[in-house]
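Report on one structure; see the data block that follows.
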Amino acid sequence: MVGSAFDEHSERAQLILVGAVAIAFIVLGLAVVFNTVLYTENVASSGAVNEPREAQQMNREARLGTQRLVDRIGTGNNWTNDDALEDAIEGNVSAYSSGLANVTGNSRPTMVSLQVDEVTQMGAYVQHRDGSAFDDESAIDADRNWTLATNDARTRAFETTFRVDSLDGPRGVGGDPFRIVWDSSESSGTYTVWIYRTGTGPDDDVVVQPVANRSNPKVAWDASEACVLPGSADNDTVTIDFENGVIDGYPSCSDELDVNTAVQRSEERSIDFFNGTKAAGQYGLVVDDDGNVGSDVFDPTTLGGGLLTGDETPYYTHVAWSVEFEMTYGSGSVTFTESYEIEVYNRSR
């Protein structure tokens with residue numbers, strides 16, 4: 001009886017154990033199946049998960065690409081009217097759109113189309129390219145002190161290349177140097193950059209001296225107030241990018257070029273040249289269509305004096321200041337359309 005009782009309990013225990021093991025395998029199997037399904041779904045949907053990020057990247061590339069494209073179209077050609085410029089922008093953007101569509105054809109999302117919605121504002125690319133003095137040749141008797149752009153205009157991409165042999169010596173040492181003044185209606189917002197040489201001899205280097213007002217520097221050149229471009233006397237030219245505060249080839253002196261002397265993005269200032277006969281070379285800058293160019297009011301709808309006439313400097317050509325685009329891209333049966341506007345010459349993007 002004892003043995004019989006023991007066998008009965010043992011069998012019952014074995015049944016319970018077998019059942020528990022079976023249930024454990026069932027649970028384990030369900031877990032494996034469930035995890036496999038999740039893994040399969042994750043793998044299958046990884047493209048969809050990445051699509052928003054890829055769409056953002058595509059959007060950034062399209063914005064940067066169109067900005068650079070419109071910049072090259074504007075400043076790389078001489079446009080004398082708005083219509084021809086707009087046609088060129090639309091045609092080039094259409095070709096760019098076709099190229100993007102081909103590149104992204106096998107990806108998700110796919111770029112469907114990119115087109116110009118509207119050129120929202122025109123501007124002017126003001127240029128002085130003949131290597132002559134920086135006076136205003138469009139004025140009678142070629143004014144040496146004159147306003148390049150009024151404070152009604154926003155300016156961008158201002159770069160100058162000076163002929164070293166054209167620059168004067170410092171004040172009080174036989175010279176009255178050239179300087180550029182960013183003139184603000186606010187008394188604290190005016191900045192001047194003087195460009196001259198340490199002396200009047202052929203071995204004297206170029207000096208760049210920023211001053212936070214319109215006043216003259218000291219009578220004699222003072223190394224503590226300016227930066228000498230070492231070895232510049234041996235060069236033919238010196239190039240200064242005023243928008244970014246960079247002197248090409250002289251990083252140490254670029255640090256001396258006060259950030260406030262660079263073209264301000266948030267404020268409107270006039271740009272005045274003083275003693276333009278004491279500097280020569282080339283310069284260029286972009287202004288919006290609200291400003292004055294030299295002696296003439298810039299009006300993109302007319303062909304006024306100074307518009308690429310070739311017999312006076314500076315002259316200007318038409319550029320697009322800002323453009324609105326429409327971009328369409330899609331994934332499967334869903335398409336997305338987005339409009340965006342770029343300020344072509346705003347490098348702070």
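Just so you know, all these numbers are worked out from the coordinates, no wet-lab data involved. Values in this document were obtained by computation on a predicted structure and should not be read as measured data. Ideal geometry is used to build each Cβ from the backbone, glycine not excepted, and the neighbour counts take in all protein chains shown.
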Taking R0 as 41 Å, what FRET efficiency do you get between Arg63 and Arg129 from their Cβ-Cβ distance, rounded to the nearest 0.05? 0.85
If each residue of separation counts as 0.36 nm, what is the full-extension length gain between Asp203 and Gln56 once their alpha-carbon separation is subtracted? 47.5 nm
For Asp87 and Asp234 in one chain, what is 0.36 nm times their gap in residues minus the Cα-Cα distance, to one decimal in nm? 48.4 nm
For the stretch 313-327, list residues with backbone N below 20 Å from a point placed 7 Å from the Cα of Glu341 toward its Cβ? 319-327
If R₀ is 41 angstrom, what is the calculated FRET efficiency for the pair Asp117 and Asp165, using the beta carbon separation as r and rounding to 0.05? 0.25
What is the spin-label model distance, in nm, from Val334 to Ser94 if the labels are put 7 Å beyond Cα along the C-beta direction? 3.2
For a Förster distance of 41 Å, can you work out the FRET efficiency between the beta-carbons of Asp248 and Asn78, rounded to the nearest 0.05? 0.95
